[in-house]
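Notes follow once the structure below has been shown.
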Amino acid sequence: LRLLIHRARHFPTLRAVWSVNQAGDGMARAIQFVLLALTVALHGCSSLEFTAWFYDKDHDLYTDSQVIAVSDYFGLNSLYYSVSIRKCNNESGSYDPAYEDLVKQRILALHANGIATRLYLLQDVGFLDGTYGPTAWVEHIDAANNFLQRNRDVAEAVLGLHFDLEPHQNPNWSTNQTELFGMFMSLLHEVGTYVRDGTSAPALAHEELSIDVPHWFKGQPYATGFPTDLLQYNYTVAFMIYGGTGAQLFNYFGADSELEDIAGLIGIGVEEFASTSDMLAMRHAVVTRFEDVHGDMFKGVALYHFRHLAEAHAALAPWSFEAAGQGLPCLEARSWGALFDDYPAGEMETGGLGNFMVLSKFEVWSCFRDHPCVAHKHGTALDYMCYIYHETKHLWLPWDLNSKLQLWSP
């Protein structure tokens, strides 16, 4: 990282940004700057998937704009999107039209901003061990088919189906591993056959299938046929590997590992890392290492999970995270030229983001005296409303009043 930072200082487009970041707290801030710059580069890797788990219980915590802002900041181009799928099935007694509209709106909003979704289904070992009955998984898949069959625009925006059955969550796992793992593999085959059969679930027939599994399944005596038996249905496997140091991760995959035979992502637990910078460093290291060793079989990185990213984002970039909650008076759509015309000298202030800067994305702030948003946020007529400019999307993101931010003294 020191060598990378040294080179970044002498790279023409980064030189000016480096001088701003030196005003922070030394090496730690410099490392974060470089890693966030790498995040921008990662987002441009169209062949790789950068995803995170988004749970149904988080629906009410974040607006669409906040989900998009967090995804944009961390370079996510997809989400494992958990939904209460029965609420989206109009043939179910649990059908909830308002909830279905929320899910549709979010999937389409994500899609419009370059973020694909995989419907996150079968999230409980009860579908595997019979707790919910022998046909519960069929009803679950049918509900997803019903939802996508009736909403073709959503179906086109959905990248695939992601399953999380976790046989090791069964309370009898320690004494019944062979049988439970056999049930796990058998159910994946049944689901694959059912989905790929165009008559059983026509809306799902062409959806990509993926499954996440713990890394320690590899090489266990009960794990016969795993994961290569999943090739028949073209499952992509997210191998969940925890451990903040990363040593375990890199030792796990050798040149002859499963990624030579089956497409896979590497799953990383965000909460395992002491800082956001450490997590970003590991993600970049994973990409560098696995692209080199495994080539096309390496499909990307999955982060567990979205809420951890959102909490980090709210601390690192509050101006972006809170933008969606500001209200219509805070909407700012004027061009730079129009703003210069509307706000004479002394009524508009502009500066660099310093330690918050993300190269080619978030670089500068501007504050406007007596902007309509000032009154909306209960400021005085002498206050300024401050915005962050999104360099690539050409959008103004509401930040806060200067009286709170104290960016400068009027």
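The values are calculated or read from the model by the stated rules, or taken from the named source; none is laboratory data. All values derive from a computational prediction rather than experimental measurement. No Cβ is skipped: glycine too gets one built from the backbone with ideal geometry, and neighbour counts run over all protein chains shown. Note: areas computed on protein heavy atoms with side chains; ligands, DNA, RNA excluded. Shrake-Rupley method; radii C 1.70, N 1.55, O 1.52, S 1.80 Å.
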| Sites Ser47 and Thr288, calculated FRET efficiency, Cβ-Cβ separation with R0 22 Å, nearest 0.05 | 0.95
| message | Per residue of segment 395-410, what does 6.51 cos²θ - 1.76 cosθ + 1.60 with θ = phi - 60° give for ³J(HN,Hα)? Whole Hz please, x for Gly and Pro, Karplus curve as stated. | response | 10, 9, 9, x, 10, 5, 6, 5, 4, 8, 6, 6, 5, 7, 9, x
| How large, in percent, is the carbon and sulfur part of the accessible surface of segment 110-175 at a probe radius of 1.4 Å? | 46
| query | For segment 347-361, in order, what is each residue's ³J(HN,Hα) by Karplus, 6.51 cos²θ - 1.76 cosθ + 1.60 with θ = phi - 60°, in whole Hz (x at glycine and Pro)? | reply | 9, 9, 10, 9, x, x, 7, x, 5, 8, 5, 10, 3, 6, 10
| query | Amide H of Arg334: which non-local residues (sequence gap of 5 or more, or other chain) have their own amide H closer than 5 Å, using H built in the peptide plane? | reply | none
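Excluding ligands, DNA and RNA, what is the solvent-accessible area per residue of segment 51-92 at a probe of 1.4 Å, expressed in Å²?
30
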| task | Pull up all non-local amide H partners of Trp399: gap of 5 or more, or a different chain, and H-to-H distance under 5 Å with H placed in the peptide plane. | result | Cys386, Tyr387, Ile388
| task | Using only protein heavy atoms and a 1.4 Å probe, report how much of Ile266 is accessible, in Å² to the nearest 10. | result | 0
| field | Phi to ³J(HN,Hα) by Karplus 6.51 cos²θ - 1.76 cosθ + 1.60 over segment 378-386, Hz, x for Gly, Pro | value | 6, x, 8, 5, 8, 7, 10, 9, 10
